[in-house]
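Please read the structure below before turning to the comments.
What follows draws every value from the coordinates through simple rules; no lab data is involved. Quick caveat: nothing in here was measured; it's all calculated off a predicted structure. Backbone-built Cβ (ideal geometry, glycine too); neighbour counts: all protein chains shown.
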Amino acid sequence: MSSQYDDAIIKSKHHGKTLAPALADVRGLFLLPGYEGMAELLAEAGRAGVEHVVLLSGSSAESGDMTNAVTRYMIESEDAVRASGLAWTIVRPSGFMSNTFEWTRSSRPGTRSARRSPGCRSR
């Protein structure tokens, strides 16, 4: 890679072992949750020298509700990342740009939002 800060983004669903050549010289991975073979992919990444993993999860993972399929795959993915032995960051966003249209009324000058996100504090 041209710079010590270059990272490769690998898009794969179920190809942990076939990624070995693609993982050469990779320092970091950005992963989506819920794919089979997450632990195997992370093990392969560790053997290849990957230093850091970032997992996009979701705020529902905190609930621990294993009866919800989406929450379950987020929790299982987070567990695999934590158990990998690699340095990791788990991101649990609670909103994306596609959700912001709901905010238009409350974000106009002179209006106050009656609903506040959990954990949101103001002075």
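Per-structure values
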read-out	value
Pair Arg47, Ala24: separation of 7 Å Cα→Cβ label points (nm)	1.5 nm
Rounded, prolate or oblate (a/c below 1.5 giving rounded, otherwise prolate when a/b exceeds b/c) for the range 17-95 by Cα gyration tensor	prolate
